[in-house]
1. Can you pull out the residues in segment 47-64 that are part of a helix (DSSP H, G or I), surrounded by fewer than 20 Cβ atoms within 10 Å (Cβ to Cβ) and without any contact (Cβ under 8 Å) to a residue 40 or more places away in the chain?
2. Taking the residues in segment 65-103 that are part of a helix (DSSP H, G or I) and hydroxyl-bearing (Ser, Thr, Tyr) as candidates, determine which candidate is farthest from Leu17 (Cα to Cα).
3. So if I check each of Lys13, Lys26, Lys30, which one is closer than 20 Å to Tyr69 by Cα and among the charged types (D, E, K, R)?
4. Output the number of the condition that Phe5 fails; it satisfies all remaining conditions of (1) within 23 Å of Glu97 (Cα to Cα); (2) buried (at least 17 other Cβ atoms within 10 Å of the Cβ); (3) not charged (D, E, K, R).
Amino acid sequence: MAFRFEDLQVWQKAMDLDEYINQLTKTFPKEEIYILTSQIKRAADSVVLNIAEGSTGQSKAVFKVFLGYSLRSAIEVVSCLFIAKRRNYITEEKFKELYTDYEVLVKMITALKNSI
């Protein structure tokens, strides 16, 4: 693999969840396209992008900063999931599944950040 981030399990997990969020938002109502749909997709993308950007050609201190951005974006996704659940765009079951997946991702990001 050409880039350091490609080998990171945390980046791979974030990519998988990003794609899942992208597919999920296709089921949201059309009136949410520029609101919640856009927000959750941008936050999910941000998790992936900040891991990648921070890992490549940066100092350890800078990488930690970008992991912090990624962590905050993951929390933003979770908040959007709460909104989607309250608006009945996703089921309780789907919410719990994604909540757990993002909980794991947040732990992975935090562990990587603490190991640097």
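1. First pass over segment 47-64, keeping only residues part of a helix (DSSP H, G or I): 47-55, 60-64.
From what's left, surrounded by fewer than 20 Cβ atoms within 10 Å (Cβ to Cβ): 49, 52-53, 60-62, 64.
Leu49, Glu53, Ala61, Val62, listed by residue number.
2. The extreme case among them is Tyr69.
3. Among Lys13, Lys26, Lys30, only Lys13 is closer than 20 Å to Tyr69 by Cα and among the charged types (D, E, K, R).
4. (1)
A short reminder: the numbers here are calculations on the coordinates, not readings from a lab. The model shown is predicted, which means the values in this text are computed figures rather than measured ones. We place every Cβ from the backbone using ideal geometry, glycine too, and count neighbours over all the protein chains shown.
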